[in-house]
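Worksheet: one structure, shown below.
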Amino acid sequence: MGTPSFAVPILEALIEKTNVVMVVSQPDREKDRKGNVIYSPCKSIAIMNNIPVFQPLKIREEYQTILDKKPDIIVTAAYGQIIPIELLNYPKYGCINVHGSLLPKLRGGAPIHHAIMNGDKEAGVTIMYMDKKMDAGDIISQRSIEIDDDMILDELYYKLSLLGRDLLMDTLPSIIDGTNNRIKQNEDEVTFGYNITKEEEKINFNDKIDNVYNKIRGLSSIPGAYAIINGKRMKIYMSEKTNIISDAIPGTILDINSDGIFVSTNDYVIKLTDIKLEGKKRCLVKDFINGIKKEDYINEVFE
């Protein structure tokens, strides 16, 4: 049971090593510019391997199709819906989740985003038994990696997907033969990494440069952090910290050149380098300045 690209390496490994009888994915919701339905990454892999795909709108009401397959084990990875107790209790070897954090830290649907946005120096993956409470089940195994200071979401997302694949393959035999760990989570150490809201995507330049920088890289490239300038939304995908100090109002554009857009924050100046202005294509700032008048932006303040 999985939907986005995070789950693809995990699904591919399961196809290679086990008998995957069904793939459960979120309903198709996206379309391309021609109106064609865009399949989820997991659905695409299932179709390529001739595996039946089930896409219930509400899994809590439409789970009998899964039970009819009589699964020995259910593995979930970024599926996107709460699994009903009827499914959790059915498989002989349990319902196993591959979660992108070191539980009990960052329970929720966007742990990888929040790990970077929080400025964490470490991230990881947890293999756990699923519970009726979100991400609260017993821990089976964990593995961690460092988060580099310049690592963006896309990079960490990919690394953790591979880490989750490898950890699951290493852990699965012990689950089957019953020798695996089963460690209760410490509720006193619980933190949350809920799905990103629209409000959280917006940059507050009246904040410390570290927090602004971490938000930009923690949302790059999906969904992308943004701010409003001259009444238009500007997505910001990459930035760099500087040691420049400014007493300008936070959010003020101090300069634009081929290196980037220099913007004041609560302490230092941050340099924006990879952007997408509303109605335009994503580009580096060195290309962006070829089509604008600098005077339209210098001394303007991001909302």
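The values are calculated or read from the model by the stated rules, or taken from the named source; none is laboratory data. Just so it is clear, the model here is predicted, and its values are computed rather than measured. Every residue, glycine as well, gets a Cβ built from its backbone with ideal geometry; the counts of neighbours run over all protein chains shown.
Might you check whether a residue that is crowded, with 21+ Cβ neighbours inside 10 Å, in a helix (DSSP H, G or I), touching a Lys or Arg at 6+ places or on another chain (Cβ under 8 Å) and among the aliphatic types (A, V, I, L, M) occurs anywhere in the range 207-225? Yes, the range 207-225 contains at least one residue that is crowded, with 21+ Cβ neighbours inside 10 Å, in a helix (DSSP H, G or I), touching a Lys or Arg at 6+ places or on another chain (Cβ under 8 Å) and among the aliphatic types (A, V, I, L, M). Residues in the range 124-156 that are under 17 Å from the mean Cα position of the chain (by Cα), over 17 Å from Lys105 (Cβ atoms) and either assigned to a strand (DSSP E or B) or not hydrophobic (A, V, I, L, M, F, W, C) (or both): 4 in all.
Check whether at least one residue in the range 16-35 is touching a strand residue (DSSP E or B) at 6+ places or on another chain (Cβ under 8 Å), surrounded by 12 or more Cβ atoms within 10 Å (Cβ to Cβ), modelled with pLDDT of 95 or more and polar (S, T, N, Q), and report yes or no. Before the answer, list the steps.
Of the residues in the range 16-35, the ones touching a strand residue (DSSP E or B) at 6+ places or on another chain (Cβ under 8 Å) are 22-25, 28, 30-32.
Keeping just the survivors that are surrounded by 12 or more Cβ atoms within 10 Å (Cβ to Cβ) gives 22-25, 28.
From what is left, the residues that are modelled with pLDDT of 95 or more are 22-25.
Within this subset, residues satisfying the condition of being polar (S, T, N, Q) are 25.
There is at least one residue in the range 16-35 that is touching a strand residue (DSSP E or B) at 6+ places or on another chain (Cβ under 8 Å), surrounded by 12 or more Cβ atoms within 10 Å (Cβ to Cβ), modelled with pLDDT of 95 or more and polar (S, T, N, Q).
Among the residues of the range 280-303, the ones that are assigned to a loop (DSSP other than H, G, I, E, B) and in contact with a strand residue (DSSP E or B) (Cβ under 7 Å, 6 or more places away or on another chain) come to 7 in all.
Could you please find all residues in the range 89-140 being of a type in the set (D, E, K, R) and within 17 Å of Asn195 (Cα to Cα)?
So in the range 89-140, the residues of a type in the set (D, E, K, R) come out as 92, 105, 107, 120-122, 131-133, 135, 138.
Passing the criteria: Lys105, Arg107, Lys133, Asp135.
Which residue is farthest from the chain's Cα centre (by Cα), if the candidates are limited to the range 63-101 and must be in a loop (DSSP other than H, G, I, E, B) and of a type in the set (A, V, I, L, M)? Only one residue fits best here, namely Ile73. Exactly one residue out of Val20, Val8 is part of a loop (DSSP other than H, G, I, E, B) and either under 21 Å from Lys159 (Cα atoms) or touching a helix residue (DSSP H, G or I) at 6+ places or on another chain (Cβ under 6 Å) (or both): that is Val20.
Of the residues Lys184, Lys215, Lys235, which single one is of a type in the set (D, E, K, R) and in contact with a Phe, Trp or Tyr (Cβ under 7 Å, 6 or more places away or on another chain)?
Details: Lys184 fails: in contact with a Phe, Trp or Tyr (Cβ under 7 Å, 6 or more places away or on another chain); Lys215 fails: in contact with a Phe, Trp or Tyr (Cβ under 7 Å, 6 or more places away or on another chain).
Criteria check complete, one pass: Lys235.
Quick one: count up the residues across the range 32-69 that are among the aromatic types (Phe, Trp, Tyr) and farther than 28 Å from Tyr158 by Cβ.
Of all residues in the range 32-69, those among the aromatic types (Phe, Trp, Tyr) come to 39, 54, 63.
Remaining after also requiring farther than 28 Å from Tyr158 by Cβ: 63.
The qualifying residues number 1.
Suppose we filter Ile59, Ile45 for residues that are crowded, with 20+ Cβ neighbours inside 10 Å and either in a loop (DSSP other than H, G, I, E, B) or among the small types (Gly, Ala, Ser) (or both); which single one remains? Let's see the steps before the verdict.
Working: Ile45 fails: either in a loop (DSSP other than H, G, I, E, B) or among the small types (Gly, Ala, Ser) (or both).
From the options Ile59, Ile45, the qualifying one is Ile59.
Figure legend. Inter-residue proximity from the range 39-65: first residues over 21 Å from Phe6 (Cα atoms) and free of Cβ contacts under 8 Å to residues at least 60 places away in the same chain, second residues assigned to a helix (DSSP H, G or I) and not charged (D, E, K, R), beta-carbon distance below 7 Å, spacing 6+ or different chains. Indicated pairs: Tyr63/Leu87. Beta carbons closer than 6 Å, at least 6 apart along the sequence or on distinct chains, pair a first residue in the range 278-303 that is farther than 22 Å from Val212 by Cβ with a second that is surrounded by 14 or more Cβ atoms within 10 Å (Cβ to Cβ) and at pLDDT 90 or above for Lys294/Ile256.
In this structure, is Ile38 aliphatic (A, V, I, L, M) and surrounded by 13 or more Cβ atoms within 10 Å (Cβ to Cβ)? If you could, list the steps in order and put the result at the bottom.
Details: aliphatic (A, V, I, L, M): yes; surrounded by 13 or more Cβ atoms within 10 Å (Cβ to Cβ): no.
Taking the combined requirement at face value, the residue does not satisfy it.
Residues that are in contact with a strand residue (DSSP E or B) (Cβ under 7 Å, 6 or more places away or on another chain) and either in a loop (DSSP other than H, G, I, E, B) or closer than 12 Å to Leu106 by Cα (or both) within the range 179-192 comprise Asn180, Asn181, Arg182, Gln185, Val190, Phe192, listed in sequence order.
When we screen Asp149, Asp72 for residues that are surrounded by fewer than 22 Cβ atoms within 10 Å (Cβ to Cβ) and within 20 Å of Thr179 (Cα to Cα), the only hit is Asp72.
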